[in-house]
Every structure is written in structure tokens, then in C-alpha cells.
Amino acid sequence: MTSSPDESLLQRFTTEASKGHPNLRPRDASTLILLDRSGPEPKVLMGKRHEGHVFMPGRYVFPGGRIDPADRKMPVAAPLDPRAEQKLMLNIRRPSVGKARAFALTAVRETFEETGLLLGSKSQEPAAKADEAWSAFVESNIRPDLSTMHFIARAVTPPRRARRYDTRFFTADITAIAHKVDGKVGPDAELVDLVWLPLSQIKQRIELMAITELVLRDLQGLLEKGFSHDLPVPYYHVVSGRRVRDFL
């Protein structure tokens with residue numbers, strides 16, 4: 001029997017990374033897929049990683065990274081949709097609304113650090129004090145607006161990899177961009193280039209990691225079904241040595 005495209009991708013994701021490492025506990029991380037739906041077809045923003053990186057050198061990825069303790073403290077303009085909060089609190093240790101919010105804020109902060117784009121809205125209140133990691137938002141008097149974000153997927157790196165992450169994938173529309181700081185992308189930066197790519201053409205134009213391709217397929221399906229917070233969120237992880245897709 002021929003395996004389905006999704007089954008083939010799941011198998012590829014299980015085997016494409018190097019093995020033989022200690023079985024590390026995955027680190028919490030978040031990433032953001034920026035969407036431009038102003039034209040006839042949705043486009044997504046992707047960045048090319050520097051060739052000098054140990055992790056995924058030269059690959060096209062979405063902005064993202066590990067949670068910082070400061071992400072729990074940053075004031076927001078509006079909270080996450082309660083349905084997204086509930087899904088973010090499933091299958092984790094010590095679930096809380098604060099932790100769910102931190103996942104989303106990590107995606108916003110990492111997007112700024114890697115692209116220079118600040119997502120949120122101008123605050124009518126005096127600038128709030130914040131950790132250095134959020135200083136650009138404070139200086140611009142911008143607070144993240146989590147109500148504009150969708151939680152669309154979660155993926156845990158398989159065991160025995162050099163680095164393991166438990167990553168939450170979010171989306172936000174391009175209209176959520178409140179400000180841009182130049183100089184974050186370039187030959188000596190984490191991302192050397194940014195490109196907006198039509199969702200249906202990404203696979204034909206660049207080489208994708210298996211999990212990236214899976215999440216983009218999920219995103220396409222969510223958009224086709226109306227992009228509601230009520231839709232189930234795919235959850236990629238390993239069960240009994242086999243990569244599976246469950247739903248939150």
C-alpha cells in the first residue's frame with residue numbers, strides 16, 4: 001500500500017535529523033507565521049538562516065525561538081482568544097493562562113529580534129517598564145495584541161537529537177505589524193534574507209524541512225475551513241517510537 005503524503009512526511013521528519021544523542025528534554029519554543037492575505041492568494045513570510053548556524057544552517061524558516069522568562073511579564077494590548085488559551089494548556093506540566101500567554105509573546109518577541117517587525121498596537125497609556133528583551137516595544141510604546149494571533153500547530157522534536165524543542169506555531173496577519181526597525185536582517189544576522197512566498201508555491205521554490213511542510217499544509221487546510229479558533233490544532237510528537245499527529 002502506498003503511504004499518504006502526510007505519512008511520508010511524518011516518516012521523513014522522524015529520520016531526517018541526526019540521531020545518537022542523549023535523550024534531552026524538549027525546550028519550550030514558539031514560532032510565528034506572518035500572513036499576507038491582501039492578494040488573490042495568501043503569502044507567508046520566511047527567512048533564510050545564516051550558513052554559520054549549527055541548527056538548520058541555510059534553511060528557510062519562520063521566525064521563532066525559546067521562551068524567555070521576560071515573556072511572562074510583558075503587558076499586552078489584548079489577550080489570546082480563550083479557545084487558543086485552552087488548547088495551549090493541554091498536555092503540558094503546570095498549565096496556566098500565564099504560560100499560554102508566554103508562548104504567544106515568545107513568538108512576537110522572536111519575530112522582532114529576527115525581522116525587526118513589531119506586532120501589536122500603540123498604547124494610550126505611558127510606556128510600561130519591561131525587560132531588555134522587550135525594550136524596543138517599550139520605546140515605541142507598542143503592546144502586543146494577542147487577540148490577532150491563531151495557535152495552529154505544535155511539534156516536539158523526536159528523541160535522540162542534538163537539540164529538542166516543543167514548539168508552538170502561531171499565525172498573525174500582516175495588518176498586526178505596528179512598526180519596523182531596520183537592520184535586523186542581513187549577512188551577519190540570524191536571518192540573512194526575508195521573502196514573502198505564495199502558500200501554494202513554497203514547496204516548488206525552496207527546500208523545506210518536513211515539519212515546516214506539514215505545518216504549511218495544516219495552515220492551508222485551516223484557511224480553507226474558515227480559520228476558526230474552534231478548529232482542532234495538530235500536535236506532532238512521538239508515541240512508542242512512531243511519529244504521530246494527534247489533535248488538541
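If the condition is being under 17 Å from the mean Cα position of the chain (by Cα) and either farther than 18 Å from Ala133 by Cα or basic (Lys, Arg) (or both), then region 82-109 contributes Ala84, Glu85, Lys87, Leu88, Met89, Lys99, Ala100, Arg101, Arg109.
Here Ala210 fulfils each of the conditions (1) within 28 Å of Pro158 (Cβ to Cβ); (2) modelled with pLDDT under 95; (3) surrounded by fewer than 19 Cβ atoms within 10 Å (Cβ to Cβ); (4) of a type outside the set (S, T, N, Q) apart from (3). Summed over region 99-140, residues that are among the small types (Gly, Ala, Ser) and either modelled with pLDDT under 95 or more than 20 Å from His229 (Cα to Cα) (or both) total 10.
Every test in (1) under 21 Å from Met209 (Cβ atoms); (2) more than 14 Å from the chain's Cα centre (by Cα) is passed by Glu125 save one, and that test is (1). Would you say Val195 is more than 21 Å from Ile152 (Cβ to Cβ), in contact with a Gly (Cβ under 9 Å, 6 or more places away or on another chain) and of a type outside the set (Phe, Trp, Tyr)? The answer is no for Val195.
Table: residues versus (1) touching a residue at least 40 places away in the same chain (Cβ under 8 Å); (2) among the hydrophobic types (A, V, I, L, M, F, W, C); (3) closer than 20 Å to Gly183 by Cβ.
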| residue | (1), (2), (3) |
| --- | --- |
| Val108 | yes, yes, yes |
| Ser121 | yes, no, no |
| Trp134 | yes, yes, yes |
| Asn141 | no, no, no |
| Pro144 | yes, no, no |
| Met149 | yes, yes, no |
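The residue list Arg164, Arg160, Arg243, Arg154 contains one member that is closer than 21 Å to Ile67 by Cα, modelled with pLDDT under 90 and surrounded by 14 or more Cβ atoms within 10 Å (Cβ to Cβ), which is Arg164. Test Ala155 against the criterion of being assigned to a helix (DSSP H, G or I), small (Gly, Ala, Ser) and closer than 18 Å to Ser30 by Cα, and give yes or no. No; evaluated as a whole, the condition is false for this residue. Only a single criterion out of (1) buried (at least 21 other Cβ atoms within 10 Å of the Cβ); (2) touching a Phe, Trp or Tyr at 6+ places or on another chain (Cβ under 7 Å) is not satisfied by Ala136, namely (1). The residues of region 209-248 that are in contact with a Phe, Trp or Tyr (Cβ under 7 Å, 6 or more places away or on another chain) and part of a loop (DSSP other than H, G, I, E, B), listed by number, are Pro232, Val233, Leu248. Looking across Ala130, Ala136, Ala102, one residue alone is among the aliphatic types (A, V, I, L, M) and either more than 26 Å from Asp36 (Cα to Cα) or part of a loop (DSSP other than H, G, I, E, B) (or both). It is Ala130.
The values are calculated or read from the model by the stated rules, or taken from the named source; none is laboratory data. What you see is a predicted model, and the numbers here were worked out from it, not measured in a lab. With ideal geometry, Cβ positions are generated from the backbone for all residues, glycine too; neighbour counts draw on all protein chains shown.
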